[in-house]
1. Step by step: find N for the stretch 414-527, compute 2.2 N^0.38 Å, then divide the Cα radius of gyration by it. What's the final number?
2. Give me a comma-separated list of calculated 3J(HN,Hα) values for the stretch 393-399, in order, Karplus coefficients 6.51, -1.76, 1.60 applied at θ = phi - 60°, integers in Hz, x for any Gly or Pro.
3. Just flag the GluC sites (Glu not before Pro) in the stretch 28-91 sitting in loop per DSSP whose Cβ has no more than 12 other Cβ atoms within 10 Å.
4. Computing the accessible area with a 1.4 Å probe over protein heavy atoms, can you report the carbon and sulfur percentage for the chain?
5. Among 58-68, 487-497, 177-187, 435-445, how do they line up from the highest to the lowest mean number of other beta-carbon atoms within 10 Å?
6. Specify whether the C-alpha gyration tensor of the stretch 1-129 places it in the rounded, prolate or oblate class, a ≥ b ≥ c being the square roots of the eigenvalues: rounded for a/c under 1.5, otherwise prolate if a/b is larger than b/c and oblate if not.
7. Over the stretch 290-374, how many percent of alpha carbon pairs lie in each 10 Å bin up to the one with the longest distance?
8. Tell me what the chain gives for mean residue ellipticity at 222 nm when only DSSP H runs of n ≥ 4 count, each as -39,500 (n - 2.57), the sum divided by the residue total, rounded to 500 deg cm²/dmol.
Amino acid sequence: MLYLLDTPHWSSAERRWDLPSTLPGWTVAFLALQGDWIAREHLCTLLWPDAAEGDARHSLRVNLYRVRALLNGWGVAQVLVAERRRVRLDLPSDVADLRRALHSSCSAAQLAGYRRPLLADTSFAGFPAFQEWLELERAALHTRWREAALACLSAAGTSLEQRLELSQTMLTADPLDEQALAPHLQSLVERGRTGDARRLFEQFRARLMQELGAEPEPALRALAASLAASTVSRQAPTRDAFIGRELELDQLGSMVRQAEGSVVTVTGPGGVGKSRVARELSLRLAPSWPDGVVWVALADLSVAADALPRLAEQVGLTLAPQRDVAAQLSSALAARRALIVLDNAEHLSDLPVLLTELVRAAPQATWLVTSRAPLTLVGERTYSLEGLAGPESGEVFDNVDQVRGFDGMRLLESRALALNPEFDLANQWAAGLELLRLLGGWPLAIELAAGALAQHGVGSVLADLRSSIDALVAGEAPKGARHDSMRASLALSWGLLGAREQVALAQLSVFRGGFARSAALDVTQCASVVLARLLDRSLVQVLGKGRFDLHPLVAQFAAEQLAAEPSQRADAERRH
């Protein structure tokens, strides 16, 4: 099967071959999509419109020879039929299957085969007519698929789960598709996830304004306004229960399901909950992988190669002595359809090279990585994880039940109650809101604060935190662990920065209430790439409308670093 709605590749029962990003590979895709005889003259005009007729025909013969050699490597050279005046390639593809489904009354399951736009991220450099053909084909297929998907969403026989998955797939393909967002919001409400529906709408509205400078359509705004206040069930708290993140799990799950043979990296600052989300997602998606889920912890390693024996152990491979470990592992992974999770990868600078080889060796596996920054792999897809939902600045509430609608507050109350059954949020919810704003939604900070709340009131913890982040420390964790305190987590992020990045981050702490990019560059005197690296590591947050800010805890930590360098502080404050 030729897959063109995923990372382009040919797959047989035994092996997988990536479609090369060369003219022979592009020709295979073109001929397979046509599914019929194509005149040689048409191919010559498409590929070499300005060449002399004889030169174009010669170039086509050479190209078809290379196409046949490519197909021969796949073991299917016989499917290319080249006659004197015309050419045909009979190769099954996922696009042909989807087109057949679109001609009939297709089901939600068939529509789910549309993983990504046709030949996504492919560019026929140097062949403008070929590129124009691809863009027209891509747009036409997407339009037909979208029409069928919208019809399926409104069909009586489509279940709630199918509507949720299909509308999420549509939003993954086009995050600004308002017609897909409306049924997705309605489905979330039916599932009792009104809070997630409200938050998704606000995210959509902010992105629409940032990218297009427009508000959502009136019908969508009316739907959002009609969302009833969510009701929060107060279950008996447990110390390690997973709370919230349903929207993120939906979005990330959709990405992971579409990423066979490639890498999805969950990025975000230390303490934002990347590992917990990856663990919860892997548990929920485990039935989707015939060979299961493999979890490899990397936090204690100093070189990426040390991860290989761990991975071998997790997949049940007994390594033979005096043989190359990577080669043995590559052979063992070749036919596995598994979800392989690599947790805490940010400090292993040699991991991208090693992981590239492993991905190539395991074409049917999906790799999920957690890291404080993207790995910058070819074909890597990233998901930036932010803090748990909490109150906006200036938002006003009337009672404790309203504030319990936020995932951040639910986590804070649940963990505090698990440690101290006498904890009562109802008598101190206003101070709890202020504490939640200062914690910025980071689950690690919330859990550490909950530990302090088990001993002291919210007001006391809030006052301590305003004076020092050392108020956020775990009483039971071993000293030196990355999550035994907020300071340890932030110090690790700080240590992973270069000297110029550290200086810039420290100087950004002089801002209050956010800043524009130009102001940040003026105050820090750094290059644009330095600011970009801080954004990649989620140490600088995007507010929208051209403005940025530091997370409250990052700002507090950075200000401490700046105070230790009086001359840098004086320069930053003067420029500010």
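The values are calculated or read from the model by the stated rules, or taken from the named source; none is laboratory data. Everything quoted here is computed from the prediction, not taken from an experiment. Because the Cβ atoms are built from the backbone with ideal geometry, glycine has one as well, and the counts that use them run over all protein chains shown. Keep in mind that these areas ignore ligands, DNA and RNA; they rest on the heavy atoms of the full protein, side chains included. Shrake-Rupley method; radii C 1.70, N 1.55, O 1.52, S 1.80 Å.
1. Numbers: Rg = 16.8 Å, N = 114, 2.2 N^0.38 = 13.3 Å.
Rounded to two decimals, the normalised Rg is 1.26.
2. Listing the rounded values in order: 4, x, 6, 10, 10, 9, 7 Hz.
3. Details: sites: Glu41, Glu53, Glu83; in loops: Glu83.
The qualifying sites are Glu83.
4. On the way: 13410 of 26850 Å².
Percent of accessible area from carbon and sulfur atoms in the chain: 50.
5. On the way: 58-68: 15.9, 487-497: 18.9, 177-187: 20.5, 435-445: 23.9.
Highest-to-lowest ranking by the protection proxy: 435-445, 177-187, 487-497, 58-68.
6. Values: a/c = 1.84, a/b = 1.65, b/c = 1.12.
Because a/c hits 1.5 or more and a/b exceeds b/c, the stretch 1-129 counts as prolate.
7. All Cα pairs considered, the percentages come to 17, 56, 25, 1.
8. Values: 26 runs with 297 residues, N = 576.
Computed ellipticity for the chain at 222 nm equals -16000 deg cm²/dmol.
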